[in-house]
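Report on the following structure.
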Amino acid sequence: MRPSRADRCRVVKQRGTRGEELKLAADRIRSGSQSPQPRPNAVPAGPAASFSQAPPDAARLVFGHALPTAEAYAALLAGPGVERGLIGPDETARIWDRHLLNCAVVAELVPDRGVLADLGSGAGLPGLVLAMLRPQVDVVLVEPMARRTAFLAECVHDLGLANVRIERGRAEELVGKIGADVVTARAVARLERLVPLAVGLARPGGQILAIKGAGAAGEVAEAEPVLRRLRATQVTIARLGDGVLDQPTTVVSFLTDQNTGRAPR
Ligand SMILES: C[S@@+](CC[C@H](N)C(=O)[O-])C[C@H]1O[C@@H](n2cnc3c(N)ncnc32)[C@H](O)[C@@H]1O
């Protein structure tokens with residue numbers, strides 16, 4: 001049965017169980033009824049030592065046990081990432097809010113196991129962040145540029161992320177070769193162009209999660225013909241991190257066609 005238009009595009013305010021937990025913990029910290037957990041001291045030596053920005057309270061809540069790894073990654077982004085032009089120097093001050101936390105809250109929509117492909121990973125966002133938070137998920141970072149894949153390989157090594165592999169190439173060249181349960185993308189292309197690229201990396205019935213900004217609804221409307229042509233279902237716009245992040249993350253989510261998805265399982 002063809003999904004109705006309403007089913008294909010539904011705007012929801014997402015706050016699942018994990019989201020509720022984070023919100024309650026954030027409220028407790030703000031009201032002083034619970035101090036933030038002491039900062040773990042297992043941050044790897046090296047670049048982390050030269051990046052002194054303490055993680056905000058929200059980072060402790062969202063990253064939990066993965067916080068030391070997130071801190072080490074923040075240092076890699078702010079150090080070699082900036083030096084090599086993979087991230088703008090102005091971004092250093094907002095590495096936590098605009099980059100790590102913006103991506104980390106997406107973990108709420110990612111199952112505990114399976115394969116996740118991050119399309120256009122760049123310096124590792126959101127792929128590396130989700131790999132830290134979902135250690136049982138096999139994460140494939142899809143990125144065509146050699147300079148970026150070299151940085152990604154160093155991050156994977158330095159952060160000890162055994163669940164990550166890097167696939168150098170454009171998404172168009174990898175159609176049907178990954179069959180991911182979940183495909184993520186941030187700042188790669190407008191939805192209209194991104195949808196077919198992401199579908200090509202997913203298994204039939206896989207989930208696509210595109211991190212978008214304030215214009216998400218407009219992009220969904222613009223992409224409606226391609227979403228319909230590819231028989232995408234359950235198109236939603238979710239707001240994640242409400243009450244925890246100053247700037248919640250907007251994610252466009254949809255499922256690929258169960259029957260004619262192009263990637264083999
Ligand atoms: C603006 S950067 C964003 C990087 C990262 N996702 C982030 O949010 O910081 C876009 C990235 O997408 C990659 N990219 C662009 N077109 C692509 C394609 N067709 N397939 C795979 N990657 C692509 C680029 O090489 C670049 O690294």
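Here, each number is a calculation from the coordinates, and none is a lab measurement. Every value quoted in this text rests on a predicted model; they were computed, and no experiment measured them. Backbone-built Cβ (ideal geometry, glycine too); neighbour counts: all protein chains shown.
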Item to check | Those residues of segment 174-208 which are more than 12 Å from the ligand (Cβ to nearest atom), surrounded by fewer than 21 Cβ atoms within 10 Å (Cβ to Cβ) and more than 22 Å from residue 104 (Cα to Cα), in sequence order | outcome: 176, 177, 179, 192, 204, 205
Checklist entry - Quick check: anything in segment 171-190 out of contact with any Leu (no Cβ under 6 Å at 6 or more places or on another chain), in a strand (DSSP E or B) and hydroxyl-bearing (Ser, Thr, Tyr)? => result no
Checklist entry - Yes or no: residue 108 surrounded by fewer than 18 Cβ atoms within 10 Å (Cβ to Cβ) and assigned to a helix (DSSP H, G or I)? => result no
Checklist entry - Is it fair to say residue 125 is under 24 Å from residue 60 (Cβ atoms), within 14 Å of the chain's Cα centre (by Cα) and away from the ligand (no atom under 13 Å from the Cβ)? => result no
Checklist entry - Looking only at segment 209-227, which residues are surrounded by fewer than 16 Cβ atoms within 10 Å (Cβ to Cβ) and of a type in the set (A, V, I, L, M)? => result 214, 217, 221
Checklist entry - Is it the case that some residue within segment 149-161 is closer than 28 Å to residue 233 by Cα and near the ligand (Cβ under 10 Å from one of its atoms)? => result no
Checklist outcome for this item: Note on segment 156-170: residues among the hydrophobic types (A, V, I, L, M, F, W, C) and either crowded, with 24+ Cβ neighbours inside 10 Å or part of a loop (DSSP other than H, G, I, E, B) (or both) are 161, 162, 164
